[in-house]
Amino acid sequence: MSTDLPITLSRLRDIGWKEWDPIGLLPAGEAWDQKPFADEYDDYLRKVVADFRSGSPLAEAVKYLLRIEREHMSLGTRLGQKARAEATARSIQRFVVPSA
């Protein structure tokens, strides 16, 4: 029997849009669910879920999100970047790791 807690795609997107949104696509106070770009971060966030489920620590998830933002998205290092990545990873971890 799996101890993995389920996380819905909509909850994952809530976390990504509220806590991460490295590109800054979503204007403050607006909802992501009716936007054509709602799935923009899905692959990255799903990878974090998969990594947690396979036992990766929080620090690895944070490093991954920072690498995506800095290198893959070519956004470089920016103010508040690490705090956003940590908040995002922690929020995801709470949903997928029973003891977190």
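What follows is calculated from the coordinates using simple rules that are stated; it is not laboratory data. Just so it is clear, the model here is predicted, and its values are computed rather than measured. Don't worry about glycine lacking a Cβ; one is built from the backbone with ideal geometry, like all the others, and counts go over all protein chains shown.
For the reader, a short list of remarks on this structure follows.
- Seen against the Cα atoms of the chain and their longest principal axis, helix 42-53 is set at about 30 degrees.
- Electrostatic dipole magnitude of the stretch 56-100 [Cβ: Lys, Arg +1; Asp, Glu -1; Cα centre; debye, to 20]: 100
- Cross-link partners of LYS47 among aspartates and glutamates, defined as those whose alpha carbon lies under 20 angstrom from its own and excluding same-chain residues fewer than eight positions apart: ASP4, ASP14, GLU19, ASP21, ASP39, GLU60, GLU69, GLU71, GLU86.
- Legend: Rg and Dmax of the chain, from Cα coordinates, 13.2, 43 Å.
- Axis of helix 81-96 versus longest Cα principal axis of the chain: the two differ by about 40°, to the nearest ten degrees.
- Once the chain from ILE23 to LEU75 is taken as fully extended at 0.36 nm per residue, the excess over their C-alpha distance is 17.9 nm.
- Once the Cα-Cα distance is subtracted from the 0.36 nm per residue extended length, the ARG11 to ASP42 segment shows a gain of 10.1 nm.
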